[in-house]
Amino acid sequence: MASVPFELKGKTVYVAGHRGMVGSALVRRLTGEDVELLTATRSEVDLRDQAAVNQWFGARRPQVVFLAAAKVGGIIANDTLRAEFLYDNLAIASNVIHAAQVYGSEKLMFLGSSCIYPRLAPQPLREDSMLTGPLEPTNEPYAIAKIAGIKMVEAYRSQYGADFINVMPTNLYGPGDNYHPEYSHVVAALIRRFHEAKVSGAKNVVVWGTGMPRREFLYVDDLADACIHLMKTYSGTELVNIGTGEDITIAEFARVVAASVGYTSEISFDASRPDGTPRKLLDVSRLAKLGWRAGTALDEGIVLAYHAYLEEKAVQSTRV
Ligand code: GFB
């Protein structure tokens, strides 16, 4: 089953979800490796369609798979599109993991999420706290789909000896994020809101919730680097958390974003909006033992993300 170090060099590597924020960061990072990159757009292969996935795997037979495809969104998207978050993510995980086994992929990495841990699990969140208590209700469908994917990876390891591994990223941000005003995650939402307020000269920006929840944020290019590192050096049943090991309140975080964007007026909080999980800080000691730590400081990463937002906005405005 497992051979570490695992050689990526010369392999065909499939990034499932290459148009998303995580997948595109993996593609950027993999250009520095000597691999043959395989991607497929949704119109070529809808990953929710088992027959289409099997046909594609049968034809291309990727040796290595990064399963970064998922339906994702912020707290409101998760809580509103509950059926889609459950169905799409269950189908994607089920189809891709099974096809990787059937068509002989040598190694697969499944990307989960820190929301698979119980809402009130002890902090920082250790990998072995999965399934020890109730989930955060706003993202239970997404978390259940991700837990099913994790359990598939574990089962395919144990029954078939497949070298499949699970990693759990914390909250992510960076180029390629979704800036939808209602459905995005907090980082993209605040970058856009503070930018628009700066441009319009608005004197107040509203941040959702009480400002008290704490979150850990990882720059997506750091995540991609950690994934490549773990693909090469880790094989095992245990999950591996990927984060910075540091968190911040949403109120403090809003001030970091405002400063990076150059917005200097008032910030207020709308407590009628959901807070979600009170705290979600990952224990990254297993990752550190495996020889990786995050390189991008939060304030530095937010500036990079803001520039990426401005570039993406400029590109969109030139599209006809
Ligand atoms: O990023 P976010 O939607 O993800 O929200 P979660 C994080 C925190 O930021 C929450 C607050 O406490 C929000 O109330 N927040 C403040 C905002 N202003 C805003 C805003 O304008 N937009 C958003 N979206 N939040 C998601 C899960 O939870 O995290 C997913 O629903 C996934 O399943 C993802 O795991 C990483 O951390 O609350």
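The values are calculated or read from the model by the stated rules, or taken from the named source; none is laboratory data. Predicted, not measured: the structure shown is a model, and the values here were computed from it. Cβ atoms come from the backbone with ideal geometry, glycine included; neighbour counts cover every protein chain shown. Ligands, DNA and RNA are excluded from the accessible area calculation, which covers all protein heavy atoms including side chains. Shrake-Rupley method; radii C 1.70, N 1.55, O 1.52, S 1.80 Å.
Computed quantities for the displayed model
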{"item": "Where PRO62 falls short, out of the listed (1) touching a residue at least 60 places away in the same chain (Cβ under 8 Å); (2) open to solvent by less than 80 Å² (accessible area, probe 1.4 Å); (3) not basic (Lys, Arg)", "result": "(1)"}
{"item": "Output for the stretch 25-43, where each listed residue is open to solvent by 30 Å² or more (accessible area, probe 1.4 Å) and small (Gly, Ala, Ser)", "result": "GLY32, SER43"}
{"item": "Residue under evaluation LYS71, criteria (1) within 22 Å of VAL220 (Cα to Cα); (2) more than 16 Å from the ligand (Cβ to nearest atom); (3) open to solvent by less than 80 Å² (accessible area, probe 1.4 Å), criterion not met", "result": "(2)"}
{"item": "Checklist (1) open to solvent by 40 Å² or more (accessible area, probe 1.4 Å); (2) within 15 Å of the ligand (Cβ to nearest atom); (3) touching a helix residue (DSSP H, G or I) at 6+ places or on another chain (Cβ under 6 Å) applied to GLY211, failing item", "result": "(1)"}
{"item": "Residues being more than 17 Å from GLY23 (Cα to Cα) and part of a loop (DSSP other than H, G, I, E, B) - total across the stretch 143-178", "result": "3"}
{"item": "Pair list, Cβ < 8 Å and 6+ apart or interchain, from the stretch 265-281 residues that are in a loop (DSSP other than H, G, I, E, B) and open to solvent by less than 60 Å² (accessible area, probe 1.4 Å) to residues that are among the charged types (D, E, K, R) and more than 8 Å from the ligand (Cβ to nearest atom)", "result": "SER265/LYS203; THR277/ARG119; PRO278/ARG119; PRO278/ARG214; LEU281/ARG214; LEU281/GLU216; LEU281/GLU246; LEU281/ASP247"}
{"item": "Matching entry among ALA197, ALA202, ALA121 (being more than 10 Å from the ligand (Cβ to nearest atom), open to solvent by less than 20 Å² (accessible area, probe 1.4 Å) and touching a residue at least 40 places away in the same chain (Cβ under 8 Å))", "result": "ALA197"}
